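> Quick one: structure below, then a few questions.
The values are calculated or read from the model by the stated rules, or taken from the named source; none is laboratory data. Treat the numbers as computed from the prediction; the structure is a model and nothing was measured. Glycine also receives a Cβ, built like all others from the backbone with ideal geometry; neighbour counts cover every protein chain displayed. Heads up: the accessible areas ignore ligands, DNA and RNA and are worked out on the full protein's heavy atoms, side chains in. Shrake-Rupley method; radii C 1.70, N 1.55, O 1.52, S 1.80 Å.
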Amino acid sequence: MGIRIKGTGRYVPEKILTNADLEKMVDTSDEWIVTRTGIKERHIATATETTSDMAAAAANAALEMGGVDAKDIDLIIVSTTTPDMMFPNTASIVQKKIGAAPCVCFDLAAACSGLIYGLNTAYGMMASPLKYKRALVIGSEKLSCITDWSDRSTCVLFGDAAAAVLLENDGNPDTPDFYADGLVSADGNFGDILLMPGGGSANPASHETVDQHMHFIKMGGPKTFQLAVHSMVDACRTLVERASIPREKIRWVIPHQANWRIISAVAARLDMPEKVYQNVQRYGNTSSASIGLCLDELNRSGQLEKDDYVLIVSFGAGLTWGALLLRW
Ligand code: UT7
């Protein structure tokens with residue numbers, strides 16, 4: 001069909017929060033954080049910097065790389081767990097900030113699996129009779145604003161960032177699509193292991209929800225860890241087995257960057273450790289931005305070439321998970 005990845009972009013806030021900084025905030029240590037998670041530092045947005053600001057910066061970088069004018073975009077999907085506000089959606093705010101013309105804009109809630117859900121959705125819409133021609137799929141997260149900075153079991157994990165992927169249909173039926181294969185899924189039975197309980201219709205914001213820290217991330221760490229490895233390995237195996245390309249053709253495997261131990265466990269079980277990319281040590285877990293950060297780093301450093309295959313895989317609150325086999 002000719003639907004290709006035309007550009008990538010990322011935005012990372014300037015301020016760095018190191019493990020040494022965290023040692024002054026909660027009862028933790030650099031040694032614990034590094035051995036349990038691999039994370040050394042993460043970036044934190046300023047008080048006034050919003051999810052849409054970061055998303056717009058990442059989108060502009062992708063548009064510039066692709067040589068595409070924002071006015072020619074006809075679909076914007078923003079995946080986020082930290083929208084600027086409940087409504088309007090963040091995608092519409094991004095549309096205004098990048099100067100795009102009126103087009104389809106919506107947010108997508110799939111937590112850390114958001115970029116994979118977003119690429120899957122955008123591809124479906126572009127390949128459908130609706131024929132969207134140029135799409136921006138963005139993962140943007142200001143997780144610092146829903147992090148409980150007094151809870152050592154979660155506050156050491158997360159960081160802020162945004163990443164964008166620009167898709168374009170070149171209209172040439174002989175051009176192979178970027179989307180070689182994909183699998184996305186969810187199981188709501190595990191919804192209570194990773195959530196932010198306050199602020200929605202179940203627990204509208206009140207003095208009580210604030211007092212009870214309900215507007216922060218709550219996570220059952222070990223259970224999430226176990227499900228993460230299981231769901232990501234399963235999704236990758238299914239895709240690799242049914243892909244009509246030899247395994248050797250996969251140049252990179254990019255798992256969601258939550259924890260190097262999860263990444264290493266996935267790499268070992270797939271038996272492709274040398275292909276696995278990771279940057280969790282520099283950014284922490286940036287949820288739906290994490291895979292896009294990796295893609296953009298690889299792309300801009302010349303480590304991705306035309307027709308390379310890249311396997312991206314994620315899991316997140318929901319529990320959601322998914323894997324895509326991308327053709328670069
Ligand atoms: O994007 C998806 C979202 N989340 C994830 O992917 C996270 C998945 N889970 C994990 O990455 C890991 O479970 C964690 C890194 C969160 C925790 O590692 P763990 O090896 O599962 O540790 P644990 O929760 O079993 O805790 C072990 C100990 C506990 O102490 P006791 O009860 O054994 O005395 C914790 O209180 O470590 C303690 N602990 C800490 N100690 C120092 C928990 N957090 C900290 C900390 N510093 N920051």
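> Tally time: how many residues in segment 169-198 are more than 30 Å from residue 328 (Cβ to Cβ), part of a loop (DSSP other than H, G, I, E, B) and touching a residue at least 60 places away in the same chain (Cβ under 8 Å)? Explain how you work it out, then say what you get.
To start, the set of residues in segment 169-198 that are more than 30 Å from residue 328 (Cβ to Cβ) comprises 187-198.
So of that shortlist, the ones also part of a loop (DSSP other than H, G, I, E, B) come out as 187, 196-198.
Subsequent filtering for residues that are touching a residue at least 60 places away in the same chain (Cβ under 8 Å) retains 187, 196.
Here the count works out to 2.
> Can you tell me which residue in segment 317-328 is farthest from residue 118 (Cα to Cα), limited to those that are assigned to a loop (DSSP other than H, G, I, E, B) and open to solvent by 10 Å² or more (accessible area, probe 1.4 Å)?
So the first thing to find is which residues in segment 317-328 are assigned to a loop (DSSP other than H, G, I, E, B), and the list is 317-319, 328.
Filter once more, keeping what is open to solvent by 10 Å² or more (accessible area, probe 1.4 Å): 317-318, 328.
Working: 317: 15, 318: 15, 328: 17 Å.
Looking at the filtered set, the residue picked out is 328.
The rows are residues; the columns are (1) among the charged types (D, E, K, R); (2) touching a residue at least 12 places away in the same chain (Cβ under 8 Å); (3) touching a Ser or Thr at 6+ places or on another chain (Cβ under 8 Å); (4) open to solvent by less than 30 Å² (accessible area, probe 1.4 Å).
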{"residue": "274", "(1), (2), (3), (4)": "yes, no, no, no"}
{"residue": "280", "(1), (2), (3), (4)": "no, yes, yes, yes"}
{"residue": "283", "(1), (2), (3), (4)": "no, yes, yes, yes"}
{"residue": "291", "(1), (2), (3), (4)": "no, yes, yes, yes"}
{"residue": "298", "(1), (2), (3), (4)": "no, yes, no, yes"}
{"residue": "303", "(1), (2), (3), (4)": "no, yes, no, no"}
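> Ok, one more. Of the residues that sit in segment 188-225 and are polar (S, T, N, Q) and farther than 14 Å from residue 316 by Cβ, which one is least open to solvent (accessible area, probe 1.4 Å)?
So the residue we want is 209.
> Suppose we keep only residues that are open to solvent by 30 Å² or more (accessible area, probe 1.4 Å) and farther than 22 Å from residue 258 by Cβ within segment 100-120. Which one would you say is nearest to the ligand (Cβ to nearest atom)? Let's see the steps before the verdict.
Taking segment 100-120 as the starting set, the residues that turn out to be open to solvent by 30 Å² or more (accessible area, probe 1.4 Å) are 101-104, 106-107, 109, 117, 120.
Applying the additional criterion that residues be farther than 22 Å from residue 258 by Cβ yields 101-104, 106.
Values: 101: 35, 102: 34, 103: 30, 104: 28, 106: 22 Å.
Per the stated criteria, the residue is 106.
> Evaluate the following for residue 228: is it open to solvent by less than 50 Å² (accessible area, probe 1.4 Å) and within 18 Å of residue 318 (Cβ to Cβ)?
On the way: open to solvent by less than 50 Å² (accessible area, probe 1.4 Å): yes; within 18 Å of residue 318 (Cβ to Cβ): yes.
Yes: the conditions hold for residue 228.
> Which of the residues belonging to segment 34-62 are within 16 Å of the ligand (Cβ to nearest atom) and in a helix (DSSP H, G or I)? Even if it seems obvious, please write down each step before you answer.
So the first thing to find is which residues in segment 34-62 are within 16 Å of the ligand (Cβ to nearest atom), and the list is 34-42.
Matches in segment 34-62: 34, 35, 36, 37.
> Which residues, taken from segment 133-153, are more than 18 Å from the chain's Cα centre (by Cα) and open to solvent by less than 40 Å² (accessible area, probe 1.4 Å)? Outline the logic, then answer.
First, pick out the residues of segment 133-153 that are more than 18 Å from the chain's Cα centre (by Cα): 133-134, 148-153.
If the condition is that a residue be more than 18 Å from the chain's Cα centre (by Cα) and open to solvent by less than 40 Å² (accessible area, probe 1.4 Å), then 148 is the only one that fits.
> Separate question: Return the residues of segment 305-316 that are surrounded by 17 or more Cβ atoms within 10 Å (Cβ to Cβ) and either of a type in the set (S, T, N, Q) or more than 18 Å from residue 119 (Cα to Cα) (or both); say none if nothing qualifies.
Within segment 305-316, the subset surrounded by 17 or more Cβ atoms within 10 Å (Cβ to Cβ) is 309-316.
Result: 314, single match.
> Also, quick follow-up: Within the bounds of segment 158-178, is there any residue that is within 19 Å of residue 317 (Cα to Cα), modelled with pLDDT of 95 or more, open to solvent by 10 Å² or more (accessible area, probe 1.4 Å) and small (Gly, Ala, Ser)?
No, segment 158-178 contains no residue that is within 19 Å of residue 317 (Cα to Cα), modelled with pLDDT of 95 or more, open to solvent by 10 Å² or more (accessible area, probe 1.4 Å) and small (Gly, Ala, Ser).
> I've got another one for you. Quick check on this structure: which one of 6, 71 is at pLDDT 95 or above, under 26 Å from residue 301 (Cα atoms) and open to solvent by 20 Å² or more (accessible area, probe 1.4 Å)? If you could, list the steps in order and put the result at the bottom.
On the way: 71 fails: under 26 Å from residue 301 (Cα atoms).
Testing whether each residue is at pLDDT 95 or above, under 26 Å from residue 301 (Cα atoms) and open to solvent by 20 Å² or more (accessible area, probe 1.4 Å) leaves just 6.
> Could I ask something else about it? Mind listing just one residue for me: the one in segment 234-290 that is hydroxyl-bearing (Ser, Thr, Tyr) and part of a helix (DSSP H, G or I) and, of those, nearest to the ligand (Cβ to nearest atom)? Full working, then the answer.
Step one: list which residues in segment 234-290 are hydroxyl-bearing (Ser, Thr, Tyr), which gives 238, 244, 264, 277, 283, 286-288, 290.
Still in the running and part of a helix (DSSP H, G or I): 238, 264, 283, 287-288, 290.
Values: 238: 21, 264: 12, 283: 12, 287: 6, 288: 9, 290: 8 Å.
So the residue we want is 287.
> Please determine, by comparing only the residues of segment 53-98 that are closer than 19 Å to residue 123 by Cβ and of a type in the set (Val, Ile, Thr), which one is farthest from the chain's Cα centre (by Cα).
So the residue we want is 68.
> I've got another one for you. Tell me yes or no: at least one residue of segment 289-298 is more than 22 Å from residue 238 (Cα to Cα) and acidic (Asp, Glu).
So far as segment 289-298 goes, yes, one or more of its residues are more than 22 Å from residue 238 (Cα to Cα) and acidic (Asp, Glu).
> Something else now. Within segment 22-33, count every residue that is in a helix (DSSP H, G or I) and either open to solvent by less than 40 Å² (accessible area, probe 1.4 Å) or away from the ligand (no atom under 13 Å from the Cβ) (or both). It would help to see each step written out before you state the result.
Going through segment 22-33, the residues in a helix (DSSP H, G or I) turn out to be 22-23, 30-33.
Now drop any that are not either open to solvent by less than 40 Å² (accessible area, probe 1.4 Å) or away from the ligand (no atom under 13 Å from the Cβ) (or both), which leaves 22, 33.
Count: 2.
> So residue 294 fits all but one of (1) more than 23 Å from residue 190 (Cβ to Cβ); (2) within 11 Å of the ligand (Cβ to nearest atom); what number is the exception?
(2)
> I'd like the full set of residues that are assigned to a loop (DSSP other than H, G, I, E, B), within 15 Å of residue 56 (Cβ to Cβ) and of a type in the set (A, V, I, L, M, F, W, C), limited to segment 69-100.
Residues satisfying the conditions are 73, 100.
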